[in-house]
Structure formats: structure tokens, C-alpha cells
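Enquirer: Sharing a structure with you now.
The values are calculated or read from the model by the stated rules, or taken from the named source; none is laboratory data. Please read all numbers here as calculations on a predicted model, not as lab measurements. Don't worry about glycine lacking a Cβ; one is built from the backbone with ideal geometry, like all the others, and counts go over all protein chains shown.
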Amino acid sequence: MITKEQVLHALGHVEEPDLKKDLVTLNMIQNIEILPGKLKFDVVLTTPACPLKGHIEHACRNAISLFVSKDIEVDINMTSRVISTEAAQLDGIKNIILVSSGKGGVGKSTVASNLALALAETGAKTGLLDADIYGPSLPIMFGVEGARPASVQTPQGKNKIVPIEKFGLKLLSIGFFTDPNQPIPWRGPMATSAIKQLFGDTDWGELDYLVVDMPPGTGDIHITVAQSYPISGAVIVTTPQHVALADAIKGIGMYQMEGINVPILGVVENMAYFTPAELPDSKYYIFGKDGGKRLSESNNVPFLGEIPLVKSIADAGDNGFPILLDADEAVSQAYKDIAGRVAQELSILANRV
Ligand SMILES: Nc1ncnc2c1ncn2[C@@H]1O[C@H](COP(=O)(O)OP(=O)(O)O)[C@@H](O)[C@H]1O
Ligand SMILES: [Mg+2]
């Protein structure tokens, strides 16, 4: 009969590749059960979006076979408990991710939507907040124009906004509270208080990830959000064009300023290249090549991945059915890979503190 100690000793040889410690030290091995001819245990990952899930499971099987027994049936339950990067969470929200860009029109909202959907698809409880007061676009991208969120009273007698639910996400947009035909000239204090309501006066419930589609640029709103809430990190979206890259550098610089200190989770290069349908093997770098990759290298921040310029992405946004939900679209995988990388970076940050 094998013992629990033998199992722990074996799994103590399996390293979590991102966190650089073994699974036992990280307290990731739980509920070990030893039955006749059979061994069961849970591996509790730090995110359901972990891209290394398969790799870790395989390493556990190898370790058992090598250090314990080759003849035992091994039943591993891969589960997760998302950890928070910030000691002071915002109510029940474990991680707040800002999706930001220097310039407008680079695909920030498209990345934010598909990133949130990709995280939700892995089983993480996810919310998406459209904080772009200058051009809220999530109501159209999710086909929920005209939605009017309800409000509830807390036991303390406070009114809270209830996000709407769509495609498995909790969704809230500043656009739900404004008339799309009547642009509001937002003044500083008004904009700041609107943003604070979206964050703080909303009944988000328990969330593993809240993805925030930020306004473009580097302004008051960014500073307010960064200083008022425990932000886990920012994802910077850029196209390979010079103008976009120059503004993206400013964005990175702002988040890294003293007193702001929002970790940069990485750079997404959007519209990286174009592949015409009739020439599927050609890549046209119409906006220049590898600009986002070089930007991340020169600023010493992770490169999260690239998304090609694809007509179906634009169509999906216009039709209110984000591309990630379309099972036939190969490009969805690019967003899923980025979501995995983001979740990984967050786990690394959370484990550092
Ligand atoms: N990779 C892409 N390929 C094709 N069209 C895209 C891509 N990313 C974004 N778009 C389209 O470009 C426009 C601007 O994108 P959006 O996400 O609204 O940018 P932002 O939020 O930065 O202003 C939208 O019409 C969107 O559908
Ligand atoms: Mg936008």
C-alpha cells in the first residue's frame, strides 16, 4: 500500500513552470485519496485559464509513475481557485484588468470583449465594464443597445446597479446610461464620478476577473481609476503603426509612474497583418511588422500575442456577436491564447506578494 507521504514526495518534484516552485510547496495538491489500486487527488491551479494545465497534469502522472508506482491507476482532478493580486480586493472582485491603448480605434474594445469571453469560457467568473465615456461600444458589440440595468438596495440601504448578463458575462457600459444620439460633453469631475459609480456602486457579486475597457489616452479617468481601485494590471493594445506605438509608449509610461504603479501585464498587437481569403498563406504587413513585439521588448514588458486584421472580426463587432463565440473562426484561438497569457501573468504577480 502506498502512502500519502510518498505521493507528496513525488509531486514535490513537479514544478509549476510560471511560479517556479513545486506543486506541494504551492499547496496545489489537495484531497489525496488512496484506494486499492487507485490514487486520486486534486491539482488546484491559480486560474482555470491556465495554458499549462495539460502539461502539469502530464508531469504529475510521470512523477507518480517514476517515484511511486507504475501500476497504479491515477485519477487527477484539475481544478482551480483564482487568487487575487491585491491584498485589498474591491468587494468580491479578485482581479481587475484594465484594457488600455494610447490611441482610439486600435481595437481596444474588441480585445477587451474577446478577452473577457475567453476567460469566462474557461469557467472563470468574469465581468466586463465599458468605461470608455468618449465612445462606449460594448452595447453594439454585444447586441444590447437600449439595455437599462436594474438597481437593487443593499441591506445597508445603498442603491446598487445590477450589471446585465450576456454570453456568460456580467456586463455594464456607461453607454447604458447615456443617449447614443446625444453626446455628452463630459467635464472632469462628472466623468470621474460616473466612473466611480460604475466601479463602486455596482453589484458585481463574486468575480475572478473584471475586464475594463478604458477610454483611449492617458487622462484624468486613468489616474482616478488607478488610484481609487486595486488594479491588478493593464493590457496595452496597439497596432503596428508608428502613431499608435508612440501613444502606447505614453500609456505604458503613465501606468508605471510613481503613485500609479499599475503592473503592465503585456502588449497585444492588433491588426498585425492581413491575409486575404483567396491567398490564405500570404501575410501582408500593411501597418509595419512586429511593432508591438519591439515595443514590448524595449519597454521590458511581456508580449501577449498578435491578432491579424480579419474582416469577420469587424463584422462580428457590428453584429453584436463577438468572434470568440463563433466556433468556426480560427482567429478565436489567438484571443484564447492571449487570455491564457493574461491569466498566467496575473498568477505570477499574485504569487510574488
Ligand atoms: N483584428 C481586427 N480585424 C478587423 N477589424 C478589427 C480588428 N480589431 C478591431 N477591428 C475593428 O476596428 C474597429 C475599431 O475597433 P475597436 O475595438 O472599437 O477599437 P477601440 O476600442 O480601440 O476604439 C471596429 O470596427 C472593430 O470591429
Ligand atoms: Mg472602444
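Enquirer: Could you please tell me which pairs satisfy a Cβ distance under 7 Å, a separation of 6+ or placement on different chains, a first residue in segment 258-279 that is more than 20 Å from SER296 (Cα to Cα) and within 13 Å of ligand 1 (Cβ to nearest atom), and a second residue that is part of a strand (DSSP E or B) and of a type outside the set (Val, Ile, Thr)?
Expert: Taking only residues 6 or more apart or on different chains, the pairs are PHE274/TYR284; PHE274/PRO308; PHE274/LEU309; THR275/PRO308.
Enquirer: Read through the list (1) more than 22 Å from LYS108 (Cα to Cα); (2) over 25 Å from the mean Cα position of the chain (by Cα), then give the number of the only condition that ILE161 fails.
Expert: Answer for ILE161: the failing condition is (2).
Enquirer: Still on this model: Out of the residues in segment 1-50 that are among the basic types (Lys, Arg) and closer than 28 Å to ARG341 by Cα, state the one that is farthest from the chain's Cα centre (by Cα).
Expert: Step one: list which residues in segment 1-50 are among the basic types (Lys, Arg), which gives 4, 20-21, 38, 40.
Filter again for closer than 28 Å to ARG341 by Cα, leaving 20-21.
Working: LYS20: 22, LYS21: 23 Å.
Restricting to residues being among the basic types (Lys, Arg) and closer than 28 Å to ARG341 by Cα, the top hit is LYS21.
Enquirer: Next question. For segment 272-290, enumerate the residues that are under 17 Å from ILE236 (Cα atoms) and either outside the structural domain of VAL106 (by TED's automatic domain parsing) or surrounded by fewer than 22 Cβ atoms within 10 Å (Cβ to Cβ) (or both).
Expert: We begin by selecting, within segment 272-290, every residue under 17 Å from ILE236 (Cα atoms); these are 272, 290.
ASP290, the sole residue that qualifies.
Enquirer: Here's another thing I want to ask about it. Is segment 96-109 home to any residue that is away from ligand 1 (no atom under 16 Å from the Cβ), over 30 Å from GLN30 (Cβ atoms) and among the basic types (Lys, Arg)? Talk me through it step by step, then tell me what you get.
Expert: Here is the first cut: in segment 96-109, the residues away from ligand 1 (no atom under 16 Å from the Cβ) are 96.
Pick out the ones that are also over 30 Å from GLN30 (Cβ atoms) and you get none.
The answer is no, given that none of the residues of segment 96-109 is away from ligand 1 (no atom under 16 Å from the Cβ), over 30 Å from GLN30 (Cβ atoms) and among the basic types (Lys, Arg).
Enquirer: Could you check how many residues of segment 302-340 are of a type in the set (S, T, N, Q), in contact (Cβ under 8 Å) with a residue 24 or more places away in the chain and in contact with a helix residue (DSSP H, G or I) (Cβ under 8 Å, 6 or more places away or on another chain)?
Expert: Our first condition is that a residue be of a type in the set (S, T, N, Q); within segment 302-340, this holds for 312, 319, 332-333.
Applying the additional criterion that residues be in contact (Cβ under 8 Å) with a residue 24 or more places away in the chain yields 319, 332.
Next, from what is left, pick out any that are in contact with a helix residue (DSSP H, G or I) (Cβ under 8 Å, 6 or more places away or on another chain): 332.
The qualifying residues number 1.
Enquirer: I would also like to ask the following. If the requirement is being closer than 23 Å to VAL342 by Cα, within 16 Å of ligand 2 (Cβ to nearest atom) and surrounded by fewer than 24 Cβ atoms within 10 Å (Cβ to Cβ), which of these qualifies: PRO263, PRO308, PRO230, PRO216?
Expert: Details: PRO263 fails: within 16 Å of ligand 2 (Cβ to nearest atom); PRO308 fails: within 16 Å of ligand 2 (Cβ to nearest atom); PRO230 fails: within 16 Å of ligand 2 (Cβ to nearest atom).
Checking each option against the conditions leaves just PRO216.
Enquirer: Given the criterion part of a strand (DSSP E or B) and not basic (Lys, Arg), identify the matching residue among ILE76, ILE83.
Expert: ILE76
Enquirer: Only one residue in ALA150, ALA234, ALA248 is away from ligand 1 (no atom under 16 Å from the Cβ) and either out of contact with any helix residue (DSSP H, G or I) (no Cβ under 9 Å at 6 or more places or on another chain) or touching a residue at least 24 places away in the same chain (Cβ under 8 Å) (or both), so which one is that? Steps first, answer last, please.
Expert: Details: ALA234 fails: away from ligand 1 (no atom under 16 Å from the Cβ); ALA248 fails: away from ligand 1 (no atom under 16 Å from the Cβ).
Residue meeting the stated conditions: ALA150.
Enquirer: Here is a follow-up. In segment 153-188, which residue that is within 16 Å of ligand 1 (Cβ to nearest atom) and surrounded by fewer than 15 Cβ atoms within 10 Å (Cβ to Cβ) is farthest from ASP326 (Cα to Cα)?
Expert: Checked segment 153-188; the qualifying residue farthest from ASP326 (Cα to Cα) is PRO183.
Enquirer: Suppose the filter is β-branched (Val, Ile, Thr), closer than 20 Å to SER109 by Cβ and away from ligand 1 (no atom under 16 Å from the Cβ); does ILE195 pass it?
Expert: Details: β-branched (Val, Ile, Thr): yes; closer than 20 Å to SER109 by Cβ: yes; away from ligand 1 (no atom under 16 Å from the Cβ): yes.
When the stated conditions are applied, ILE195 passes them.
Enquirer: Can you confirm whether segment 105-113 contains a residue that is closer than 28 Å to LEU324 by Cβ, part of a loop (DSSP other than H, G, I, E, B), more than 19 Å from the chain's Cα centre (by Cα) and within 16 Å of ligand 2 (Cβ to nearest atom)? First the steps, then the outcome.
Expert: Taking segment 105-113 and keeping what is closer than 28 Å to LEU324 by Cβ, we get 105-113.
Okay, now just the ones that are also part of a loop (DSSP other than H, G, I, E, B), so 105-107.
Of the ones still in play, those that are also more than 19 Å from the chain's Cα centre (by Cα) are 105.
Next, from what is left, pick out any that are within 16 Å of ligand 2 (Cβ to nearest atom): 105.
The answer is yes; a qualifying residue exists.
Enquirer: Taking the options THR122, THR25, name whichever one is hydroxyl-bearing (Ser, Thr, Tyr) and either within 16 Å of ligand 1 (Cβ to nearest atom) or not assigned by TED's automatic domain parsing to the domain that holds ILE161 (or both). Please lay out each step first, then the result.
Expert: On the way: THR122 fails: either within 16 Å of ligand 1 (Cβ to nearest atom) or not assigned by TED's automatic domain parsing to the domain that holds ILE161 (or both).
Among THR122, THR25, only THR25 is hydroxyl-bearing (Ser, Thr, Tyr) and either within 16 Å of ligand 1 (Cβ to nearest atom) or not assigned by TED's automatic domain parsing to the domain that holds ILE161 (or both).
Enquirer: Another question about this same structure. Looking at (1) in contact (Cβ under 8 Å) with a residue 60 or more places away in the chain; (2) assigned by TED's automatic domain parsing to the domain that holds ILE264; (3) crowded, with 16+ Cβ neighbours inside 10 Å, which is the only condition LEU19 fails?
Expert: All conditions pass for LEU19, except number (2).
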